[in-house]
1. If I ask for residues that are in a loop (DSSP other than H, G, I, E, B), open to solvent by less than 10 Å² (accessible area, probe 1.4 Å) and more than 15 Å from Arg40 (Cβ to Cβ), which ones from segment 112-123 would you list?
2. For segment 81-105, give me the residue count where each residue is in contact with a strand residue (DSSP E or B) (Cβ under 6 Å, 6 or more places away or on another chain) and either within 21 Å of Gln35 (Cβ to Cβ) or of a type outside the set (D, E, K, R) (or both).
3. Mind listing whichever residues of segment 142-191 are modelled with pLDDT of 95 or more, open to solvent by 60 Å² or more (accessible area, probe 1.4 Å) and under 19 Å from the mean Cα position of the chain (by Cα)?
4. If only one of Ala49, Ala34 is surrounded by 19 or more Cβ atoms within 10 Å (Cβ to Cβ), in a helix (DSSP H, G or I) and over 15 Å from the mean Cα position of the chain (by Cα), which one is it?
5. Counting just the residues of segment 124-141 that are surrounded by fewer than 23 Cβ atoms within 10 Å (Cβ to Cβ) and among the aliphatic types (A, V, I, L, M), which one comes out modelled with the highest pLDDT?
6. Give the residue, chosen from Asp67, Asp102, that is assigned to a helix (DSSP H, G or I), surrounded by fewer than 15 Cβ atoms within 10 Å (Cβ to Cβ), out of contact with any Pro (no Cβ under 7 Å at 6 or more places or on another chain) and touching a residue at least 12 places away in the same chain (Cβ under 8 Å).
7. Does any residue in segment 124-142 that is within 30 Å of Tyr30 (Cβ to Cβ) come within less than 6 Å, Cβ to Cβ, of a residue that is open to solvent by 20 Å² or more (accessible area, probe 1.4 Å) and not β-branched (Val, Ile, Thr) six or more places away or on a different chain, and which pairs are these?
8. Given the criteria among the polar types (S, T, N, Q), in contact (Cβ under 8 Å) with a residue 24 or more places away in the chain, under 29 Å from Ser144 (Cα atoms) and not in a helix (DSSP H, G or I), does Ser92 qualify?
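The values are calculated or read from the model by the stated rules, or taken from the named source; none is laboratory data. Predicted, not measured: the structure shown is a model, and the values here were computed from it. Note that each Cβ is placed from the backbone with ideal geometry, even for glycine, and that neighbours are counted across all protein chains shown. Surface areas here come from the heavy atoms of the whole protein model, side chains and all, with no ligands, DNA or RNA. Shrake-Rupley method; radii C 1.70, N 1.55, O 1.52, S 1.80 Å.
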Amino acid sequence: MNIIDEIGKKNIKFAHLINSFKCNEDNPSYLYYAQPITFRSMTVARNRAIMNNIDVKLYSIHYPEDDKIVPKNFIKLPFLKRSTRTLFPRISKNKKLPIIQDMFNSILEHSDADYIIFTNSDISVQPHFYKEINNIMKNQNLNSFSINRRDNLPKFKNNKQRLKPKDLNFIYKLKGKNHNGHDCFIIKREILKKINMGLMFIGYPPWGTTLMNKLKNINNKHIIFRNLFLTFHLGSDRSWINKKKSPLWIKNIELRNKLK
């Protein structure tokens, strides 16, 4: 029996993991406003998945100070202990960014999911997101794939009213623009066990490209879906442009170069 037959005979278990972050309203990433929309969109999509008999659990991994903002329907993984601040205090006094491998290790230890979905906390999903993911896994022989988001959706309705979780039905219809960044990964459990991201951290490139390349090396059938309108991002997060000379950006590159 091949992998497609096996998948077709069982109900696949999905675990969707995000790193929740309690940020200030003036955070340059717009996360203060975008993250509640992410939370709500994941909940809506999961509710639809349940109606279609698709097993999806939502997980958050975060630090103690972030705990209060996590919705009750999210499973909270044990608090993160390490960060860029503990590992690289000289260059990360004002940043407390999670180590990617710590997050991967935790979801593998504390869930029994067949596939782990990993997205940034400012990436929202369409209501049929999990249904489409499930269809892809059942119809194609894939151990991992990634989905590019639709970017630069407006932050305001009619240039006046800031978009909020209650506006999701309106937001779903917005077109946005194509984006080439890597911020949504679907990875089979056995493949994720083989991933070693060392001490690389989120928040600064090139973690997304590095993870994608590692997946391609392990799994030559890894596919990047560039035209599926399944994930979206409000605004155009260009704050990273000003980070190119940041010591943290340079450190992440150094950490990538040390990986085998």
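1. Just the residues of segment 112-123 that are in a loop (DSSP other than H, G, I, E, B), to begin with: 112-114, 120-123.
Add one more test, that the residue is open to solvent by less than 10 Å² (accessible area, probe 1.4 Å), and what stays is 113, 123.
Within segment 112-123, Ala113 is the sole residue that qualifies.
2. 5
3. Answer for segment 142-191, where residues must be modelled with pLDDT of 95 or more, open to solvent by 60 Å² or more (accessible area, probe 1.4 Å) and under 19 Å from the mean Cα position of the chain (by Cα): just Glu190.
4. Only one candidate passes the filter, namely Ala49.
5. Applying the filter and picking the extreme gives Ile136.
6. Answer to the selection: Asp67.
7. Correct list of pairs: Pro127/Arg48; Lys131/Asn52.
8. No; evaluated as a whole, the condition is false for this residue.
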